[in-house]
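Everything on this sheet refers to the single structure shown next.
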Amino acid sequence: MKSVRVSDPEKFDEQVAQALQKSNEVFVLFFGRETSRGESWCSDCVVADPEVRAGLAKVAGSILLEVPIDRQSDTDSLTHIFRKRSDTRVERIPTLLRWTEYGPSQDRLVEEQCREQNISSFVAETGKQRDQQSCA
């Protein structure tokens, strides 16, 4: 698994497109930005991070786009856009999506669902959705 940090929200679409040129196994993880102590302010994100990575490491050729976002109350933050965009609709974090040339998967893993034991079924189910979209 390759991971890529999306630090600039304005370059999100560009980085998704670049990842999709390299792989059809593209996943996007929205998580709480790290504080000055180097750890996310979101305790669920701290727990989920190694589990998401372990689960996606089993997916050949996968790319994980890491998208740090600020607290929901920080409406002046540029990352607030991910809470408002119709294709991301991040309400809670962590949020894991699979991204295809058609956009994000219908299904997502949110908060405590972002555990290693859920990743393989998420990958399988969203892979079926991707395959159905490409056949349509």
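The values are calculated or read from the model by the stated rules, or taken from the named source; none is laboratory data. The structure presented is a predicted model; accordingly, all values stated were derived computationally and were not measured. Don't worry about glycine lacking a Cβ; one is built from the backbone with ideal geometry, like all the others, and counts go over all protein chains shown. Please note that ligands, DNA and RNA were not included when accessible areas were found on the heavy atoms of the full protein model with its side chains. Shrake-Rupley method; radii C 1.70, N 1.55, O 1.52, S 1.80 Å.
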Potential lengthening between residue 115 and residue 34 on full extension [0.36 nm per residue; Cα-Cα distance subtracted] | 27.2 nm
Rounded to the nearest 500, what is the chain's calculated 222 nm mean residue ellipticity when only DSSP H runs of at least 4 contribute -39500 (n - 2.57) each, over all residues?
-> -11500 deg cm²/dmol
Calculate, for the chain, the solvent-accessible area per residue in square angstrom, rolling a 1.4 angstrom probe over the heavy atoms of the protein chains.
-> 54
What is the calculated FRET efficiency for residue 5 to residue 125, with r their C-beta to C-beta distance and R₀ = 25 Å, to the nearest 0.05?
-> 0.40
With a point put 7 Å past each Cα toward its Cβ, work out how far residue 60 is from residue 78 in nm, to one decimal.
-> 3.8
Protein accessible area in the chain, 1.4 Å probe - carbon and sulfur % = 44
Among DSSP beta bridges whose residues both lie in the chain, state the antiparallel percentage, nearest 5.
-> 50
Between the alpha carbon centres of segment 82-105 and segment 1-51 the gap in Å comes to 12
Two-site label geometry, residue 106 and residue 20: point separation in nm, points 7 Å out along Cα→Cβ | 1.9
Take a quick pass over the chain and tell me how many lysine pairs come in under 20 angstrom between Cα atoms, counting only ones 8 or more apart or on separate chains.
-> 8
